[in-house]
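The values are calculated or read from the model by the stated rules, or taken from the named source; none is laboratory data. It should be emphasised that the depicted structure is a prediction, and the values quoted were computed from it without experimental measurement. All Cβ positions, glycine included, derive from the backbone under ideal geometry; neighbour counts span all protein chains shown. Calculation scope for accessible area: heavy atoms of the full protein, side chains included, ligands and nucleic acids excluded. Shrake-Rupley method; radii C 1.70, N 1.55, O 1.52, S 1.80 Å.
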There are 2 protein chains.
Amino acid sequence: MLTNRNSMLKKERQAFIIKEINLHNKVLSSDLSMALDVSEDTIRRDLNELAMEGRVVKVHGGALSKSYQMAAVQADTYAYEKKEVIAMKTLKLFKDGMVILTSGGTTMREIAKRLPESLQVTFFTISPLIALELAEHPKADVILLGGQLSNASKVTIGAEVVQKISEIKADICILGINGMDLDGITDSDYEIVQVKKAMIKASKQMIIPTISEKLNTALRYKVTPTADIDCLITELSPLHDTIQPYLSQVKLVL
Amino acid sequence: MLTNRNSMLKKERQAFIIKEINLHNKVLSSDLSMALDVSEDTIRRDLNELAMEGRVVKVHGGALSKSYQMAAVQADTYAYEKKEVIAMKTLKLFKDGMVILTSGGTTMREIAKRLPESLQVTFFTISPLIALELAEHPKADVILLGGQLSNASKVTIGAEVVQKISEIKADICILGINGMDLDGITDSDYEIVQVKKAMIKASKQMIIPTISEKLNTALRYKVTPTADIDCLITELSPLHDTIQPYLSQVKLVL
DNA sequence: CGCTTTTATGCTAAAATTTTCATGAATATA
DNA sequence: TATATTCATGAAAATTTTAGCATAAAAGCG
């Protein structure tokens, strides 16, 4: 029989497919069949296997990258790039064994998405969305704080949540915010303020990740004085003009 | 503006549409047809499908945005059409003022998505995903039962959840299941069995919506005897052969 | 080494899915 | 109301998938 000079091993072929998908976000069975010089059946079987392993999303005619479906959401997240920077900075503060208390918000979500696989931490959160994101992590322990779900902000609120939080002793709390100036952190929802106050009280350290846009804005209710912040994280350098006034108020700025 | 690629996959096209809608809050079938170089029929079908999934609002001539933040967790639902039928049947049991206790699962999610706008009910749920879905409803009161989040099934489990459930008195509980035969409902996860038992105990009536595929299958742990079911809902007619043996066991079959 | 078993691949026909087209009905808009 | 769009439907065409089977290579094993 003729020897097959170009014959790829199965794993090799699948690696190629993955690479192709990462590059283009999609592949067509017909293209791959052509490129790899195997039947479409073989490609289909490969794609099915990869889909089974959750590495790609199989669709009629080919496959899509997993992140493709999320592209819509990503594009949707306001100031996505800035929040990405903030997320990376925030993650540096996480250490093995920590107990972390978190609120909701898109910035927090970017943090959750990027949690390093190796990290072993315990999360308490009032946000079902964050909880679901964290649940994808192999080693994170996730405890969702139950209570009435706020229609607007999609986090749990109410006396029960506050009560439960008071029973926790967390190493750090990551607090998403809506407004903040040199005086203090503020919010427009009274119920949420109550929960945030409880979160701060339950934690040794308070971390505030926020886009710089929210600095120097104030809302109706005060959550806590700016001086109580242990670490303020924005997308800007700590040397940036906007940040200067906060350097003296806050213990650490990243 | 809108770029034209050669031969888009269906999912890809729909993702594009979603992105377009998130961006502009609306799309016209005619524009999309032009931009994506497919017939308006195809676009219409896409829009109808997306509307069916509750991701956009279909209107004459196009579609509108529906404030949406869950595309990421929107995996493809297995046996979608069947679950749709089950959802519609189940919704008939809901009455104003009811307190409803629910587990998770894709079938339950289809129910949640289709909850009529006019209905005023209180939901207790162990599933963050269901909670988020219900939170879109203008009149539903949603209480998320907190606890440790199970990595696999994405519902809260543990003693705390069981304890909280025991304090509830619900009118009905909607229980997603994994296995069931003439003897009883069974599950493969011990922790989840404990929670489900508590849910049954806390409710006056137990409703089981399930695709017929799960009938006559059994798993490791028993949740409750089949005879205790108040209402069994499948995609099949109660007259169907598969259902026959259950008619005598269960109070009501839809 | 031979022998069996497993795995990978390709082929075919039938089934399912997707898309387009044609048509009349329904709906918007001037 | 008249006119133009848009919609729903079913049939047809194009494409993709499935399933069963045959072949050949690879792996195990006495």
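With N as its number of residues, the range A:183-222 has a Cα radius of gyration that, divided by 2.2 N^0.38 Å, comes to 1.21. Taking 17 Å as the straight-line reach from the Cα of B:LYS222, the lysines in range (excluding those fewer than 8 positions away in the same chain) are B:LYS196, B:LYS197, B:LYS201, B:LYS214.
Look at the alpha carbon pairs under 8 Å that are at least 6 residues apart: their mean separation over the length of the range B:10-68 gives a relative contact order of 35 percent.
Counting from the shortest, the label point at A:SER188, 7 Å from Cα toward Cβ, is 4.6 nm from the same position in each remaining copy. For the range A:176-254, a Kirkwood radius taken over Cα pairs fed into Stokes-Einstein (10 °C, viscosity 1.306 mPa s) yields D = 127 µm²/s.
In units of the compact-protein estimate 2.2 N^0.38 Å, chain A shows a Cα radius of gyration of 1.27. In summary, the lysines within cross-link reach of B:LYS139, defined as a Cα separation below 19 angstrom excluding same-chain residues under 8 places away, comprise A:LYS154, B:LYS66, B:LYS92, B:LYS95, B:LYS113.
Using only Cα atoms, locate the centre of the range B:188-211 and the centre of the range B:138-166, then give the distance between them in Å, rounded to an integer. The distance from the Cα centre of the range B:188-211 to that of the range B:138-166 comes to 13 Å.
Mean per-residue shielding of peptide B:146-156 is 6, counting Cβ atoms of other chains within 10 Å of each Cβ. Overall, the protein assembly as shown carries a charge dipole of about 360 debye about its Cα centre when +1 sits on the Cβ of Lys and Arg and -1 on the Cβ of Asp and Glu, all other atoms neutral. For a quick check of your reading of the filter: which GluC sites (Glu not before Pro) in the range B:103-157 sit in a DSSP loop and have no more than 12 other Cβ atoms within 10 Å? When the GluC sites (Glu not before Pro) of the range B:103-157 are filtered for loop state and at most 12 Cβ neighbours within 10 Å, B:GLU117 remain. In this label model, B:ASP228 and A:GLU12 are separated by 5.8 nm, measuring between points 7 Å along each Cα→Cβ vector. For B:99-110, what's the mean count of beta carbons from other chains sitting within 10 Å of each residue's beta carbon? Mean partner shielding for this stretch: 0. Per residue of chain B, the DSSP helices (runs of n ≥ 4 H) give a summed -39500 (n - 2.57) that works out to -10000 deg cm²/dmol at 222 nm. For the pair A:GLU49 and A:ASP141 in one chain, pulling the backbone fully straight at 0.36 nm per residue adds 30.2 nm over the alpha carbon distance.
Distance between the modelled labels on A:LYS92 and B:LEU91, one decimal in nanometres: 5.1 nm (7 Å Cα→Cβ projection).
Return the FRET efficiency for the residue pair A:ASN216, A:ASN25: r is the Cβ-Cβ distance, R0 is 41 Å, and the value is rounded to the nearest 0.05. With R0 = 41 Å, the Cβ-Cβ based efficiency is 0.60. Please compute P(r) over all alpha-carbon pairs of the range A:10-71, binned at 10 Å starting from zero, and give each bin as a whole-number percent. Bins of 10 Å from zero give 25, 63, 11, 0 percent of pairs.
A straight Cα-to-Cα reach below 12 Å connects B:LYS82 with the aspartates and glutamates B:GLU110, B:GLU213, B:GLU235, residues fewer than 8 places away in its own chain not being considered. Projecting the alpha carbon convex hull of the protein assembly as shown along each direction and taking the average yields 28.5 nm².
Structural descriptor for chain B: relative contact order 13 percent, calculated from alpha carbon pairs under 8 angstrom and at least 6 residues apart. Residues A:LYS19, A:LYS196, B:LYS10, B:LYS214, sorted by accessible area with the largest first, give A:LYS19, B:LYS10, B:LYS214, A:LYS196 [1.4 Å probe; ligands and nucleic acids excluded].
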